[in-house]
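Worksheet for the structure shown next.
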Amino acid sequence: MREQLEQIRLQALAEMQEAADIVALDAVRVRVLGKKGELTAVLKQMGKLSAEERPVMGQVANAVRAELETKLEERKTELEAAALLEQLALEAVDVTVPGKEVRMGHQHPMNKVLQEVKEIFIGMGYQIVDGPEIEEASYNFTRLNIEEGHPSRDRSDTFYFNDDDSVLLRTQTSPIQIRVMENQKPPIRILAPGRVFRKDEADATHSPMFHQIEGLVVDEGITMGDLKGALETMIKRLYGEDAVVRFRPHHFPFTEPSCEVDMQCFKCGGKGEIDGQVCPTCHGEGWIELLGAGMVHPKVLEGCGIDSTKYSGFAFGIGLERMAMGRLKINDLRLIFENDVRFLSQF
Ligand code: PHE
């Protein structure tokens with residue numbers, strides 16, 4: 001039995017030393033020290049020994065068990081440390097490698113112009129409001145005095161959602177006028193920027209999605225003079241004191257009288273041509289249309305429960321892209337939407 005124990009001891013010590021990882025080490029433990037292990041099997045035979053031999057062998061067996069258990073712990077610590085080192089080597093990070101440069105972006109140029117316009121109007125006491133892009137036809141057309149059959153309601157111009165043409169992508173920001181007036185009593189002074197949608201072919205000056213900035217002022221005694229004053233102030237703040245603008249009579253169903261406001265073409269200086277060629281920016285007009293405006297139609301006021309004998313107002317709708325083109329001196333609208341960083345980073 002003594003030899004048996006000595007053999008188990010030597011073999012187990014050798015195998016533990018050779019074990020390449022924790023799993024192999026554990027296999028040795030189970031085989032030797034486990035409940036059905038070799039050492040346990042020897043101990044079970046103790047009963048066959050004489051009364052003098054038993055305590056002696058018991059001591060030897062316990063010493064072997066203790067030695068193997070100590071060795072096991074030692075090897076386990078060694079193997080764990082080795083595994084940790086290997087893992088660390090694998091996940092090593094070279095902190096001296098130069099980092100990737102993060103490029104700082106900036107606001108889109110059109111947003112910058114929008115911000116400028118907003119600040120100008122906030123300075124004149126306007127409040128910024130918002131309205132839905134998916135709009136009801138009654139707000140987009142009917143309550144703005146645009147009757148059934150009006151060309152702007154045509155399916156070829158407007159994105160409708162349903163067969164009865166009652167829900168659409170707003171074609172203008174003017175429905176916000178109605179939404180404000182039905183909820184708010186005068187005095188009203190609001191500015192409402194947003195996206196609008198029309199089935200336009202994309203070319204240098206058109207896109208199926210573009211931005212407008214709606215303005216609405218309603219109070220007692222508001223006149224066309226107030227309208228001109230507000231818009232001239234905005235244009236001169238934006239383009240400089242020497243900007244040349246003109247107010248031209250026009251027609252909108254929801255304003256009366258109505259006008260359009262143009263600025264002199266920044267590309268050709270109003271001549272309509274450059275070196276004998278038709279100016280590509282204003283198409284030879286000499287002027288660039290910036291916005292539509294007018295005095296709020298009494299029918300529109302009354303439709304929102306506002307007494308048109310007591311109150312009057314003006315409204316305007318600015319084409320933000322046109323405005324930005326003039327402000328930034330770019331002559332192709334598509335540049336604004338293409339998001340080419342080579343273009344955007346110039347502003
Ligand atoms: N909504 C008009 C358009 O899209 C512009 C406008 C707004 C005209 C407000 C008058 C008053 O052309």
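The values are calculated or read from the model by the stated rules, or taken from the named source; none is laboratory data. Small disclaimer: the values here were computed from a predicted structure and weren't measured. For neighbour counting, all protein chains shown are included, and Cβ atoms are generated from backbone atoms with ideal geometry for every residue, glycine included. Note: accessible area is taken over every heavy atom of the protein model, side chains too, but ligands, DNA and RNA are not part of it. Shrake-Rupley method; radii C 1.70, N 1.55, O 1.52, S 1.80 Å.
With a 1.4 Å probe and every protein chain kept in, tell me what percent of the accessible surface of the chain is carbon plus sulfur.
Accessible surface attributable to carbon and sulfur in the chain totals 52 percent.
What is the spin-label model distance, in nm, from Lys185 to Asp165 if the labels are put 7 Å beyond Cα along the C-beta direction?
3.8
Can you pull out the GluC sites (Glu not before Pro) in segment 52-109 that DSSP calls coil and that have at most 12 other Cβ atoms within 10 Å? Display every interim value, and only then the final one.
Working: sites: Glu52, Glu53, Glu67, Glu69, Glu73, Glu74, Glu78, Glu80, Glu86, Glu91, Glu101; in loops: Glu52, Glu91, Glu101.
Counting only loop positions with at most 12 other Cβ atoms within 10 Å, the GluC sites (Glu not before Pro) in segment 52-109 are Glu52, Glu91, Glu101.
Can you pull the Kirkwood radius for segment 34-118, inverse mean 1/r over Cα pairs, to one decimal in Å? Don't jump to the answer; show the numbers that get you there.
Numbers: mean 1/r = 0.0496 Å⁻¹.
It is 20.2 Å.
Using only Cα atoms and rounding to the nearest 10 degrees, what angle (0 to 90) does helix 109-123 make with the longest principal axis of the chain?
Here the helix axis deviates by roughly 60 degrees.
Tell me which trypsin sites (Lys or Arg not before Pro) from segment 240-295 have a DSSP coil assignment and no more than 13 other beta carbons within 10 Å of their own. If you can, show how the numbers build up before the last one.
Details: sites: Arg246, Lys267, Lys271; in loops: Lys267, Lys271.
Here the trypsin sites (Lys or Arg not before Pro) that fit, given the DSSP loop and packing criteria, are Lys271.
Relative to the present Cα-Cα distance, how much length would full extension add between Ala20 and Val278 at 0.36 nm per residue of separation?
Numbers: separation 258, 0.36 × 258 = 92.88 nm, distance 8.51 nm.
Gain on extension, Ala20 to Val278, equals 84.4 nm.
How much accessible area per residue does segment 1-97 have, counting only protein heavy atoms and a probe of 1.4 Å, in square angstrom?
Accessible surface, normalised per residue, equals 70 Å².
Under the 0.36 nm per residue contour assumption, what length would be gained going from the current alpha-carbon distance of Met1 and Lys36 to full extension? Write out the running numbers ahead of the final one.
Numbers: separation 35, 0.36 × 35 = 12.60 nm, distance 1.77 nm.
Net length gain for the segment: 10.8 nm.
For segment 1-107, run through the trypsin sites (Lys or Arg not before Pro) and keep only the ones in DSSP coil with at most 12 other Cβ atoms within 10 Å of their Cβ.
On the way: sites: Arg2, Arg9, Arg29, Arg31, Lys35, Lys36, Lys44, Lys48, Arg65, Lys71, Arg75, Lys76, Lys100, Arg103; in loops: Lys35, Lys36, Lys100, Arg103.
Hits after loop and neighbour filter: Lys35, Lys36, Lys100, Arg103.
Starting from 0.36 nm per residue, how many nanometres of slack lie between Glu338 and Glu67 once their C-alpha separation is accounted for?
Numbers: separation 271, 0.36 × 271 = 97.56 nm, distance 7.74 nm.
In short, 89.8 nm is gained.
Taking all pairs of different Cα atoms in the chain, averaging 1/r and flipping that mean, what Kirkwood radius in angstroms comes out? Let's see the in-between values first.
On the way: mean 1/r = 0.0369 Å⁻¹.
About 27.1 Å, per the Kirkwood formula over Cα pairs.
Give me the accessible area per residue for segment 235-297, probe 1.4 Å, as a whole number in Å².
Normalised by residue count, the accessible surface of segment 235-297 is 51 Å².
Given N residues in segment 110-261, what is Rg(Cα) / (2.2 N^0.38 Å)? Don't skip to the end; give the middle numbers.
Numbers: Rg = 16.2 Å, N = 152, 2.2 N^0.38 = 14.8 Å.
Normalised Cα radius of gyration, segment 110-261: 1.09.
Given H placed 1.01 Å from N in the peptide plane, which residues other than close sequence neighbours of Cys279 have an amide H under 5 Å from its amide H?
Amide H to amide H, under 5 Å and 5 or more residues apart or across chains, Cys279 pairs with Glu273, Ile274, Gly284.
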